[in-house]
Amino acid sequence: MDTVSVALGVRSYPIHIGQAMLGRGDLLGPHILGSSVMVVSNETVAPLYLDRLLDTLAGRRVDSVVLPDGEQYKTLETLNGVYTALLEGHHDRNTTLVALGGGVVGDITGFAAASYQRGVPFIQVPTTLLAQVDSSVGGKTGVNHPLGKNMIGAFHQPRCVIIDTDTLDTLDKRQLSAGLAEVIKYGLIGDPAFFVWLEQHMEALLAREPKAVSYAIRRSCEDKAAVVAEDEHERSGRRALLNLGHSFGHAIETGMGYGVWLHGEAVACGMVLAAALSQRLGWLDQDDVQRLVSLLRRAGLPVRPPEAMDRERFTELMAVDKKVIDGRLRLVLLRGIGDAVVTSEFDHAALRLTLDARSAA
């Protein structure tokens, strides 16, 4: 087992990474404050892993709620179903919520925990690669709105994160590739040595070789934990680097309809557009752009936006991105592999040309 710490003072917590972790009551138990637990899962994950987790929680009063599966259900209506289950079960402020599933389950559960009776503790047990390396760490919670992704939410840190790498055995290839997009992102924004490692080990990751997968998860969590510890609430700008490709990617997800493109697929395409714009601005070498495109393709990810997303649609949707401040769009761009910047100081004509060109591929 590996353990990574997210250093946030009194809100610090561990990320435990390893095999057979769902049975580790010794890791889960210390972070459950009261005698009551509400496990939130979805209709795909629950049949596979809910009973195993419930066995670990034996001796406590445990209820569970199973949500529909898919980004299209990351809504206020689904969130209200969690509140209803909590209220019907007479859960109080000493209840601990446990999120068992991917990013949608984690985000909804975290937001429910942040807001139920003005805040209760929760634990993340992510079962997809994307959730394990990204959404389960850092305390961003929330739901989507028809006009924009993740526009309603709160910062609420988990008590701990339990990553059982065995759950990836049941993950389909498309979801695995989607998670690899976020893994690649860490190399791009500040860890060039990790990017090189990914170039050398992509086939091992696609083959789910345990040693390679565990290393990639740990390195990703270490990179994210360092950024979150420095800028927990995205105020200094440092944490915004984690959004490389996300302004373009969220526009694709919203424009195409939530769930049509997986989050990681949209982010992959968004990173290519960010790299292409960076090259057009003279900040990034063509060779580095092609290294990114090649690695994403090897990971089984798209590198061009859908035909339905033209420049006008991108522009319309990016105008309501969370990184817009005082009417100015900020983007995460690249000056090199491992050297990302958050800026609103870019040539908007270059952005228009990049969106018209649609790709660097």
> Can you pull the percent of Cα pairs in segment 173-357 with separation above 21 Å?
Replying inline: 47
> Considering only the other residues whose Cβ falls under 14 Å of the Cβ of PHE194, what net charge follows from Lys and Arg at +1 and Asp and Glu at -1?
Replying inline: -1
> What residue among ALA275, ALA251, TYR215 has its Cα farthest toward the positive end of the dipole of segment 174-278, where the charges are +1 on Lys, Arg and -1 on Asp, Glu, each on the Cβ?
Replying inline: TYR215
>> Multiplying the sequence separation of HIS233 and ASP166 by 0.36 nm and subtracting their Cα-Cα distance, what value in nm do you get?
In response: 21.0 nm
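Translational diffusion coefficient of segment 165-223 at 20 °C, 1.002 mPa s, Stokes-Einstein with Kirkwood Rh over Cα pairs, in µm²/s as a whole number.
Diffusion coefficient, whole number: 187 µm²/s.
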>> Given the -39500 (n - 2.57) contribution per DSSP H run of 4+ residues, what per-residue ellipticity at 222 nm results for the chain, rounded to the nearest 500 deg cm²/dmol?
In response: -13500 deg cm²/dmol
>> Using +1 at the C-beta of Lys and Arg and -1 at the C-beta of Asp and Glu, which of VAL341, PHE194, GLN290 has the Cα lying farthest in the positive direction of the dipole of segment 173-357?
In response: PHE194
> What is the log10 of I(q)/I(0) for segment 2-170, computed with the Debye formula using one identical point scatterer on each Cα and no solvent, at q = 0.09 Å⁻¹?
Replying inline: -0.25
> In 5 Å bins starting at 0, how do the alpha-carbon pair distances of segment 82-136 split up by percent?
Replying inline: 4, 23, 30, 21, 13, 7, 2
> Based on the Cβ-Cβ distance of ALA154 and GLN72, what FRET efficiency does E = 1/(1 + (r/R0)^6) give at R0 = 22 Å, to the nearest 0.05?
Replying inline: 0.55
> What span do the alpha-carbon atoms of the chain cover on each of the three principal axes, reported in whole Å from largest to smallest?
Replying inline: 61, 41, 37
> What percent do you get for the relative contact order of segment 173-357 when only Cα pairs under 8 Å and 6+ apart count?
Replying inline: 28
> Measuring from label point to label point, each 7 Å out along Cα→Cβ, what is the LEU353 to VAL260 span in nm?
Replying inline: 2.9
> Can you give the extra length, in nm with one decimal, that the chain gains between LEU87 and SER12 once fully stretched, where that is 0.36 nm per residue apart less the Cα-Cα distance?
Replying inline: 24.1 nm
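What net charge do the residues around GLY34 carry, taking every other residue with its C-beta under 15 Å from that of GLY34, with Lys and Arg at +1 and Asp and Glu at -1?
Once all neighbours under 15 Å are counted, the net charge is +2.
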>> Taking 4 °C and 1.567 mPa s as the conditions, I'd like the Stokes-Einstein D for segment 1-48 in µm²/s, using the Kirkwood hydrodynamic radius from alpha carbon pairs.
In response: 99
> Where Lys and Arg each count +1 and Asp and Glu each count -1, what net charge lies around MET271 among other residues with Cβ under 13 Å from its Cβ?
Replying inline: +1
> Relative contact order, percent, of segment 221-329 when contacts are C-alpha pairs under 8 Å separated by at least 6 residues?
Replying inline: 24
> Considering lysine pairs in the chain that are 8 or more places apart or on different chains, how many have Cα atoms under 29 Å apart?
Replying inline: 29
>> If each residue of separation counts as 0.36 nm, what is the full-extension length gain between ASP285 and ARG304 once their alpha-carbon separation is subtracted?
In response: 4.9 nm
> Magnitude of the Cβ-charge dipole of the chain, K/R +1 and D/E -1, about the Cα centre, nearest 20 debye?
Replying inline: 440
>> Whole-Hz ³J(HN,Hα) for each residue in segment 206-223, computed from phi via Karplus 6.51 cos²θ - 1.76 cosθ + 1.60 with θ = phi - 60°, x for glycine and proline: what do you get?
In response: 5, 7, 6, 5, x, 5, 5, 5, 4, 5, 4, 5, 4, 5, 5, 5, 4, 5
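Could the peptides 96-103, 303-310 be put in order, highest first, of the mean number of other beta-carbon atoms found within 10 Å of their residues?
Highest-to-lowest ranking by the protection proxy: 96-103, 303-310.
Computed from the coordinates by the stated procedures, all read-outs in this text should not be read as laboratory data. Just so it is clear, the model here is predicted, and its values are computed rather than measured. Don't worry about glycine lacking a Cβ; one is built from the backbone with ideal geometry, like all the others, and counts go over all protein chains shown.
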